[in-house]
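Asks: Starting off with a structure, shown below.
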Amino acid sequence: MSPGRRKKASRHDMREEASGPSTRCLPPADPSFASLEQAYRRLEHLYEISKLFASFKSVAQSFDPALGILAKSLPLRSAVLIQTENGQSRMIIWPSEFQDSERLRAVKKHAEASYAYLVGAKSTESLGLSEQPGETLLPWQEQSEGDEEKRFIVIPLVVAQHSLFGALQLEGAMSLDKKDLTFVNAIANQLAIALERDRAWRRDITRREDAEEERSQAETRGAASERDRLVAESSSDRYEALARENAQLYKQAQVAVREREQILGVVSHDLRNPLSTIIMTTDALAQQEATARRPELPVPKAVERIQRAAERMMRLIDDLLDFVSIERGHLSIKRQPNDAGALVNETLASFERVAQEHRLTMTAEVEPRLPPILCDRVRILQVLSNLVGNATKVTAEGGHITLKVEAHENQSVFAVADDGPGIRADDIKHLFDRYWRSGEARYRGTGQGLAIASGIVDAHGGRIWVESERGHGATFRFTVPLAEDVSTVATP
């Protein structure tokens, strides 16, 4: 099957965060940081996948994008989904880019043998599996050495007391461990509930239509046959039973969503406490070293590295919680009159060090005598910092970034312009989608910043957009209502 017929999953930018030039050898990174960050990212991706499954539409519309999210947390070489319904079995295969046909045959053979074992079939031929390609082409992953069998995870798809109706097989680019199994099992359980709910819903519709047709025919004949009446009533009873079953599945899905929210709250709390301790301790160490005035010791650089990692993880947690609040419509916005020019200048001052390190020129253009805006000062600074931070990552050394604000009718218009490489027209329409990252992105990120910025601006009753031409930089603009125009401000 031609790869060109499938949508490519977004690529994960694997470049590590630059730590800056140093003449001394820094101590190795603490593995606990990597473990914490991996756990956080997997929780974040599990949350996003569960949202897709909660509103499951079809394998192509819901599982394909979920597989793209999963591939960001777990490097995959292939994925196979097998389903059996009404005596017919179907196998959907998602290979990775550039995967050769011989390797793909081995993957399918492994999936067939595993499913035959799960359902107790005498042979793989007796399964009568039909094949279908998935729409998503997984990003190519270089295979590492290791036990071939440990690269595969096969999870049966079954709900409560129901019979097994399918299986999910994932092939990793490296050997998979118990943590990977736990992560995949959580996804497979939610997938099984979503698929079973969809199947029950389709059965409900079909049998309800059959029952209505039988009842209509019986009424047309004047209910001449007692047997027809009984059959119609029996069909109606079966429909009611199926409706109850579907309601039970829906209840199970809602319980899964509540458990996900509880896990999110607990994990976020448990991650925040140690990170706050780490940040306070590194601050104290840095101040102590500065007071001692002994720059010849390598401690400050090590402390700074730990501090940056902890602060970045704290920002990731804050971003996740912010986006959950935006989705629920509960984002906290405390509006007060604020000086728009002061917000621009404060943002510019906070990036002075970054501008010096990257040899960038940053300027502010503030229209004189601007009327005050009605906004949450911290939230608007968050939007500006996100836009400027992105600009510093795409602008080459010696480049220029401009922050502007001017009044226009009943609102102020903020702008952040850079002379970087610009943005493709096809990418612009996805920029404010959560987790979306361009295949051309060359800096580290989670794909949440612009989505959160859009949510904050929307909560203020404004709008955000971007203007860009390839090779001529990009300009992000957003609006905030003026304080004197209180009636136009949206209330959460």
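Asks: If you go through region 362-386, how many residues are over 17 Å from ALA415 (Cβ atoms) and of a type in the set (A, V, I, L, M, F, W, C)?
Replies: Adding up the residues that qualify gives 2.
Asks: Would you be able to tell me the number of residues in region 362-413 that are at negative phi, surrounded by fewer than 17 Cβ atoms within 10 Å (Cβ to Cβ) and basic (Lys, Arg)?
Replies: Selection size over region 362-413: 1.
Asks: Identify the residue in region 121-178 that is of a type in the set (Ser, Thr, Tyr) and farther than 19 Å from ALA106 by Cα and, among all such residues, is farthest from the chain's Cα centre (by Cα).
Replies: Just the residues of region 121-178 that are of a type in the set (Ser, Thr, Tyr), to begin with: 123-124, 126, 130, 136, 144, 163, 175.
From what is left, the residues that are farther than 19 Å from ALA106 by Cα are 136, 163.
Details: THR136: 16, SER163: 32 Å.
Among residues in region 121-178 that are of a type in the set (Ser, Thr, Tyr) and farther than 19 Å from ALA106 by Cα, the one farthest from the chain's Cα centre (by Cα) is SER163.
Asks: Additional query: In region 446-492, what residues are over 20 Å from LEU431 (Cα atoms) and at pLDDT below 80?
Replies: Those that are over 20 Å from LEU431 (Cα atoms) and at pLDDT below 80: GLU484, ASP485, VAL486, SER487, THR488, VAL489, ALA490, THR491, PRO492.
Asks: Would you mention how many residues in region 49-66 are surrounded by 19 or more Cβ atoms within 10 Å (Cβ to Cβ) and in a helix (DSSP H, G or I)? Quick ask: steps written out before the conclusion?
Replies: The initial filter retains those residues of region 49-66 that are surrounded by 19 or more Cβ atoms within 10 Å (Cβ to Cβ), namely 49-50, 52-53, 56, 59, 62-66.
Now drop any that are not in a helix (DSSP H, G or I), which leaves 49-50, 52-53, 59, 62-66.
Residues flagged as surrounded by 19 or more Cβ atoms within 10 Å (Cβ to Cβ) and in a helix (DSSP H, G or I) within region 49-66 amount to 10.
Quick grid of which residues meet (1) modelled with pLDDT of 90 or more; (2) within 24 Å of ILE401 (Cα to Cα):
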{"site": "ILE326", "(1), (2)": "no, no"}
{"site": "HIS330", "(1), (2)": "no, no"}
{"site": "PRO337", "(1), (2)": "yes, no"}
{"site": "PRO371", "(1), (2)": "yes, no"}
{"site": "LEU387", "(1), (2)": "yes, yes"}
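Asks: While we're looking at this one, here's another question. Do we find that ARG24 is at pLDDT below 80, more than 20 Å from the chain's Cα centre (by Cα), of a type in the set (Lys, Arg) and closer than 14 Å to GLU135 by Cβ in this structure? Outline the logic, then answer.
Replies: Numbers: at pLDDT below 80: yes; more than 20 Å from the chain's Cα centre (by Cα): yes; of a type in the set (Lys, Arg): yes; closer than 14 Å to GLU135 by Cβ: no.
It is false that ARG24 is at pLDDT below 80, more than 20 Å from the chain's Cα centre (by Cα), of a type in the set (Lys, Arg) and closer than 14 Å to GLU135 by Cβ.
Asks: If a residue has to be without any contact (Cβ under 8 Å) to a residue 60 or more places away in the chain and touching a strand residue (DSSP E or B) at 6+ places or on another chain (Cβ under 7 Å) to count, how many in region 77-95 make the cut?
Replies: First pass over region 77-95, keeping only residues without any contact (Cβ under 8 Å) to a residue 60 or more places away in the chain: 86-95.
The next check asks that each one be touching a strand residue (DSSP E or B) at 6+ places or on another chain (Cβ under 7 Å); those that pass are 89-95.
The qualifying residues number 7.
Asks: Condition test on PHE152, is it touching a strand residue (DSSP E or B) at 6+ places or on another chain (Cβ under 9 Å) and either at pLDDT 90 or above or among the hydrophobic types (A, V, I, L, M, F, W, C) (or both)?
Replies: Numbers: touching a strand residue (DSSP E or B) at 6+ places or on another chain (Cβ under 9 Å): yes; either at pLDDT 90 or above or among the hydrophobic types (A, V, I, L, M, F, W, C) (or both): yes.
The answer is yes for PHE152.
The values are calculated or read from the model by the stated rules, or taken from the named source; none is laboratory data. Just so you know, these numbers come straight off a predicted model, no measurement behind them. Cβ coordinates were reconstructed from backbone atoms using ideal geometry, including for glycine residues, and neighbour counts include every protein chain displayed.
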